[in-house]
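Report on the following structure.
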Amino acid sequence: MIEALCNQYFHDVFLYLKAISHQDDIAEELTQETFFKAMKTLDSFRGDCDVRVWLCQIAKNCYYTYCRKQKHLTQDALPETVPDPAPPVHLSLEDKETVLEIHRILHTLREPYKEVFTLRVFGELSLRQIGELFGKSENWAAVTFHRAKLKILEELEESI
């Protein structure tokens, strides 16, 4: 059963962790840890939500545990869920200055706008999945994502 889950959802969980950690190596390590924890707690999964949502919740908890350990080791503040200033490969924007400005604007967004936008664009999650992660509806996720886009566009227009 866990092998089937791993085969089906490994990439989704990896993309989710990459979206919140912004580091491939950490995302890969935490994805493996996520499936290890899922294997140990598979019998406690009640089926109240989509399996992908359950796995992403485990992944998010793994990431927060990782951040707390890093804080303890380095005595630094928890890293924010801010995109890397370098444009992701999957973005096809030609103007690198515009991409950097979008990342700067994204950095200043309040939650939940920042996380919803990041999960949708960089994590490639559906609006339904995002809504489930937040315990909200798909419509809430769509409205929040739309508002985040509008805020980014407004800020971008002001900076030009």
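Key figures
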{"read-out": "Glu124 vs. criteria in contact (Cβ under 8 Å) with a residue 60 or more places away in the chain and not assigned by TED's automatic domain parsing to the domain that holds Asp48", "value": "yes"}
{"read-out": "Subset of region 13-34 [crowded, with 19+ Cβ neighbours inside 10 Å and either over 18 Å from Thr65 (Cα atoms) or of a type outside the set (Val, Ile, Thr) (or both)]", "value": "Phe14, Tyr16, Leu17, Lys18, Ala19, Ser21, His22, Ala27, Leu30"}
{"read-out": "Pro112, sole failed condition from (1) at pLDDT 85 or above; (2) more than 29 Å from Ala38 (Cα to Cα)", "value": "(2)"}
{"read-out": "Test: residue in region 76-85 that is at pLDDT 85 or above and among the aliphatic types (A, V, I, L, M)", "value": "no"}
{"read-out": "Pair list, Cβ under 9 Å, 6 or more apart: region 20-35 residue touching a residue at least 12 places away in the same chain (Cβ under 8 Å), other residue outside any helix (DSSP H, G or I) and aliphatic (A, V, I, L, M)", "value": "His22/Val82"}
{"read-out": "Region 138-160 residues that are in contact (Cβ under 8 Å) with a residue 24 or more places away in the chain, paired with ones that are surrounded by 14 or more Cβ atoms within 10 Å (Cβ to Cβ) and outside any helix (DSSP H, G or I) (beta carbon under 8 Å, 6 or more apart)", "value": "Thr144/Pro112; Ala148/Leu109; Lys151/Leu109; Ile152/Leu109"}
{"read-out": "In region 16-35, the residues that are outside any loop (DSSP other than H, G, I, E, B) and not hydrophobic (A, V, I, L, M, F, W, C)", "value": "Tyr16, Lys18, Ser21, Asp24, Asp25, Glu28, Glu29, Thr31, Gln32, Glu33, Thr34"}
{"read-out": "Candidates Asp25, Asp12, Asp43 - the one that is farther than 19 Å from Gly131 by Cβ and modelled with pLDDT of 80 or more", "value": "Asp25"}
{"read-out": "Members of region 36-51 found to be surrounded by fewer than 20 Cβ atoms within 10 Å (Cβ to Cβ) and part of a helix (DSSP H, G or I), listed by number", "value": "Phe36, Lys37, Met39, Lys40, Thr41, Leu42, Asp43, Ser44, Val51"}
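The values are calculated or read from the model by the stated rules, or taken from the named source; none is laboratory data. Remember, it's a predicted structure, so these values are computed and weren't measured experimentally. Neighbour counts run over all protein chains shown; Cβ positions are idealised from the backbone, glycine included.
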